Every structure is written in structure tokens, then in C-alpha cells.
Amino acid sequence: MGKIKELNKKNAVLLFNLKLLPSFVYFSPPIVFDMKKQYFLFLLLPLATLTGCLPLPNSAGTTTNPSLNEKVFTTENYVYEANVRTIQFCPEALTSDKSEYLKPPVRFLQDSRPLQIEFDLVGEHRIRNLRARVFHCDYDWKLSNLNDIEVLNEVNDFVVNNYQISFNTRVPYVHYTFQVPRVKMSGNYVLMIYQNGNDKDYLLTQRFWIYENKIGIEPNVRNSTQVSERDRNQQIDFKLNYSAYSTNLMNPREEIKVVIRQNYRSDNQILGLKPLYIREFDKLLEYNYFNLENNFRGGNEFRRFDTRSIRFLGFNVNNISVSDTLVAMQLVSETSREKNPYFRQPDYNGNYLIGHFETGRGKTEADYIQTKFVLQARQMADGEVYVVGRFNNWQTETENRMRYNAEKGEYTADILLKQGEYNYMFGVKKLGEKTFQTDFWEGSFQETENNYEIIVYHHPLGARTDLIVGYRQFSSQTTR
């Protein structure tokens with residue numbers, strides 16, 4: 001009995017040190033079956049049938065799941081429970097080409113290919129009762145006044161019944177896949193997934209966009225017109241051609257709304273732009289500015305690493321530590337690039353791809369790895385330092401905040417990530433600011449390759465919501 005207690009104590013200490021202590025201790029069957037006394041088996045066997053839920057931080061930075069009353073619906077990209085991980089929302093892949101996962105959840109209204117969302121519930125063996133609903137939103141992401149029948153051809157309540165249990169992984173999880181149903185009109189949408197038959201028991205919400213090409217978009221990426229920012233900024237000039245638009249625009253300056261996004265991010269998007277020139281005879285709206293209104297920081301090419309295998313050191317991986325319950329990897333120690341010259345290298349523009357090198361079945365056989373980021377710094381930055389990328393939806397939360405060690409002169413952060421290829425940067429968020437900036441560690445260069453989107457909205461006379469009447473995606477390297 002003493003040996004059994006000691007073994008269980010060591011297991012619990014190990015899990016605690018790895019920051020993965022379950023809300024109750026999960027004993028694997030070999031440990032249970034080695035016990036000699038039947039009454040020990042009686043006491044511990046129920047524990048073996050339970051699901052070990054890992055207390056992982058969610059987008060709000062908490063390490064515990066909120067109660068039902070604490071869950072507040074939002075139309076932002078958000079997870080309501082700590083163990084919702086690795087959300088990938090993109091067009092359904094028609095081939096084995098993984099590049100589909102690098103695309104945003106944007107679809108042409110008449111496209112027969114659906115959008116598809118995938119995510120994991122980490123630390124679980126059982127299948128949850130999940131369902132999904134779709135909500136139409138206005139330009140400002142407030143719920144529109146449309147009824148479900150105006151948006152969908154089906155009842156707005158869908159079963160999420162495509163799931164797979166992880167195989168041969170140290171950290172268990174269930175992988176879910178759901179195809180978004182077709183909608184009747186363009187616009188902003190939110191997909192909400194809930195559980196237990198209670199549409200207030202939210203699990204996650206994710207935004208997506210459905211568009212029509214009724215207004216033409218002619219973009220041009222150029223150096224900033226501000227001389228002081230020419231080497232650091234990218235300016236997005238563009239024209240809107242509404243000559244083929246069947247709806248009459250009485251006041252295009254006020255009726256048309258535009259959003260510009262860089263690398264599919266919403267945290268630093270530009271909105272509220274008005275056309276500088278209106279050429280009514282040519283049906284053209286010109287958006288050319290001189291005071292940085294349509295400027296983005298060029299940033300830098302993203303840092304990257306590869307953890308698709310634990311049998312060898314992938315790109316930018318310094319060392320690997322493997323135990324029975326978890327794999328830990330430390331990445332190569334990084335330094336500031338702010339004073340370095342620009343260096344062109346391929347990247348995913350902040351995105352990531354899941355993968356398992358040995359089997360190629362990353363969805364269910366890629367393990368979750370405790371990934372350690374290290375950033376050398378002789379002194380602390382003027383603000384909190386974060387590891388940011390698409391993998392955490394560009395959020396500045398507790399899990400991806402770096403801690404400074406003055407003795408070693410370095411920042412570190414430990415983040416649980418599924419095996420794959422990842423892009424990331426180091427950002428600084430100053431006190432009182434809503435978002436982070438990457439210039440301090442990464443520098444900013446107008447030569448950097450970035451993806452851009454221009455989304456055009458119109459609220460037609462007599463309509464009850466904003467429609468997306470134009471969409472264009474382009475690279476900063478192809479429109480110069």
C-alpha cells in the first residue's frame with residue numbers, strides 16, 4: 001500500500017511540474033491492474049473511467065472552465081472552455097494539399113465548396129454532445145435583425161457528429177470537424193458551437209465571411225507617402241469600380257464601407273475609410289491618402305519552427321525531453337531583429353500547419369507538446385512581452401505572456417501546442433494600449449511580404465443588414 005501511494009504521489013508531482021495537473025488524477029489501466037488488493041481496485045477503478053480534463057488557459061487567460069452563468073456570448077473569435085485547442089477554420093480541402101489550412105474562413109456565395117472548422121478538446125476520451133448554430137451580423141459585428149429563415153435553408157441547429165479520438169498520444173484529445181451549412185446571402189457571420197443541448201452552454205464562437213463580387217477592387221501596395229515611414233510602412237491604395245453594380249448608389253461616399261486586413265488579422269484592421277475622390281461618370285471611388293490612414297507596418301518575415309517529429313530536432317528546435325505523460329521541447333534561443341537588415345525568407349504569414357512526420361496523420365496522431373520559447377534580452381521591454389501568431393489568434397493572454405529572468409537576461413514562455421509547423425513573433429503591449437506592437441523585437445520593413453484583404457460592404461436601400469459586395473485578396477509583392 002505504501003508503494004502504491006508513493007507511485008501515485010510521484011505521478012501527481014510530475015503532472016504538476018509539467019503544468020498539466022488534472023482536476024482529478026487519472027490512473028492508467030496498468031497501474032490499476034498491478035495492485036494486489038481488491039479494495040484498492042474498487043477505490044481507483046472509477047477514476048480510470050473518468051476523463052482527465054487539462055486546465056489549459058482559454059482566450060481569456062483563465063485556467064478553469066467558467067460556470068454556465070459566467071459564459072457571455074460574443075461575436076468575436078472566442079473559446080469559452082480551457083481545453084478547446086487548435087482551431088482551424090478554412091475552406092474544405094478538396095485534395096491533400098495542406099495549403100488550404102493557410103486560407104481564411106472566407107467563401108464566395110455561389111461556391112459549392114463549404115467552409116470547415118476543426119478543433120480539439122484536449123485531455124478528453126469521451127465524445128461530447130455538440131451542436132452548432134449560425135448568426136448573421138452587420139458590418140460592425142452586431143447581430144443583424146434577420147430571421148433564420150432569411151439566412152438558411154435549414155433549421156438553424158446542426159449536430160456536430162464528425163469526431164475522431166486521438167491515437168497513441170501522450171496527451172489525449174478528441175478531434176472534431178464540422179462543415180458550415182450554405183447560407184442565402186452575403187455578409188458577416190458567426191459560427192457558435194454549444195454543448196449538452198443548452199444553447200447557452202457555449203464552447204466556441206468563430207467569425208466567417210461570405211461575399212459577392214458586385215463591386216470591382218483594384219489594389220496597389222506601395223511605399224508610404226510619409227517620407228519618415230517609407231522604409232517601414234506599406235500603403236494600401238485602391239479603387240472601387242461600381243459600374244456593374246445593379247443597385248443604384250445615391251451617396252457612395254457614405255453608403256460604401258471598407259475593411260482592410262493584413263495577414264487575416266482583425267486586431268489591427270483598418271476601417272472607416274472614405275473615398276478621397278469620387279469619379280461619378282466612371283463609377284469609381286479612389287482611396288489614396290497622404291496621412292497614414294491606409295498604412296500598415298510592414299513588419300518582418302515571421303520566425304518559425306517545426307515540431308512534426310519527436311525523434312529528431314526539427315527546424316529551430318534546440319532540445320527534446322520525452323516522458324510517459326508529455327513531450328517538452330525548447331526552441332532555439334532568439335534575439336532581437338530590430339537593428340538587423342531585412343532578410344527575405346519563406347513563411348506562412350503568421351499561420352501554422354498541423355502535422356505528424358512519421359504517419360502523416362496529424363489530425364489524430366500529432367501529440368501536444370509543451371513548447372518553450374526563449375528570447376534573449378539584456379533589459380526588460382517597456383511593456384509586457386508576448387508570443388503571438390495565428391495559433392493563439394493574435395491574443396495577449398496569460399499563457400503566451402513571457403516572463404523575464406533578470407539573472408539569465410532572457411524572456412521565456414511555455415505554451416502547449418500540437419505538433420506542426422508554426423509561425424510566430426514577439427510583441428510588446430504597453431500599459432493602457434489595446435493591442436501589441438512587434439517593432440521593438442522584430443523591426444519593420446516595407447519589403448516584407450504580407451497578405452492583404454479588402455472587404456467592401458453595402459447596406460442597400462430597404463435592406464435590413466449590410467452585405468459584402470466586394471472582396472479581394474492579394475500579396476504585397478504582386479501589386480507593386
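Values in this text are rule-based calculations from the coordinates and carry no lab data. Everything quoted here is computed from the prediction, not taken from an experiment. Glycine gets a Cβ as well: all are built from the backbone with ideal geometry, and neighbour counts include every protein chain shown.
Details
- Partners for Lys200 among aspartates and glutamates (Cα-Cα distance below 19 Å; same-chain residues under 8 apart left out): Glu70, Glu76, Glu81, Asp148, Asp157
- Rg ratio (alpha-carbon, reference 2.2 N^0.38 Å) - the chain: 1.07
- Tilt relative to the chain, helix 2-17 - C-alpha long axis, 0 to 90 degrees, to 10: 20 degrees
- Euclidean distance between Cα centres, region 105-124 to region 270-342, Å: 23 Å
- Relative to the longest principal axis of the Cα atoms of the chain, helix 38-48 runs at roughly 10 degrees.
- For chymotrypsin sites (Phe, Trp or Tyr not before Pro), the sites in region 216-293 that DSSP calls loop and that have at most 13 other Cβ atoms within 10 Å are Phe281, Phe290.
- Whole-number percent relative contact order across region 241-373, with pairs defined as alpha carbons under 8 Å at least 6 apart: 17 percent
- Over the chain: helical MRE at 222 nm, DSSP H runs n ≥ 4 each giving -39500 (n - 2.57), nearest 500: -2500 deg cm²/dmol
- Shape category assigned to region 68-211 from the gyration tensor of Cα positions, a/c cut at 1.5: oblate
- Lys/Arg +1, Asp/Glu -1 at C-beta; the chain dipole; positive extreme among Phe208, Gln477, Gly420: Gly420
- At most 15 other Cβ within 10 Å, DSSP loop - trypsin sites (Lys or Arg not before Pro), region 328-410: Lys339, Arg344, Arg361, Arg378, Lys408
- Cα principal axis extents for region 190-290, largest first, Å: 56, 41, 19
- With all pairs of different C-alpha atoms in the average, the Kirkwood value for the hydrodynamic radius of region 187-246 is 15.8 Å.
- Taking each of Lys339/Lys430; Lys142/Lys363; Lys103/Lys184 in turn, the alpha-carbon distance tops 30 angstrom for Lys142/Lys363.
- Counting Cα-Cα pairs of region 303-442 in 5 Å increments starting at 0 gives whole-percent bin shares of 2, 10, 18, 23, 20, 14, 8, 4, 1, 0.
- Every Cα-Cα pair of region 216-365 was included, and the share exceeding 21 Å stands at 63 percent.
- Extension gain from Thr335 to Lys184, taking 0.36 nm per residue of separation minus the Cα-Cα distance: 49.4 nm
- Thr74/Phe281 FRET efficiency (R0 51 Å; Cβ-Cβ; nearest 0.05): 0.70
- Given +1 at the Cβ of Lys and Arg, -1 at the Cβ of Asp and Glu and no other charges, the dipole of the chain around its Cα centre is 960 debye to the nearest 20.
- Normalising the Debye intensity of region 341-397 to I(0), with uniform scatterers on Cα atoms only, and taking log10 at q = 0.16, 0.19, 0.21, 0.31 Å⁻¹ returns -0.81, -1.03, -1.12, -1.21.
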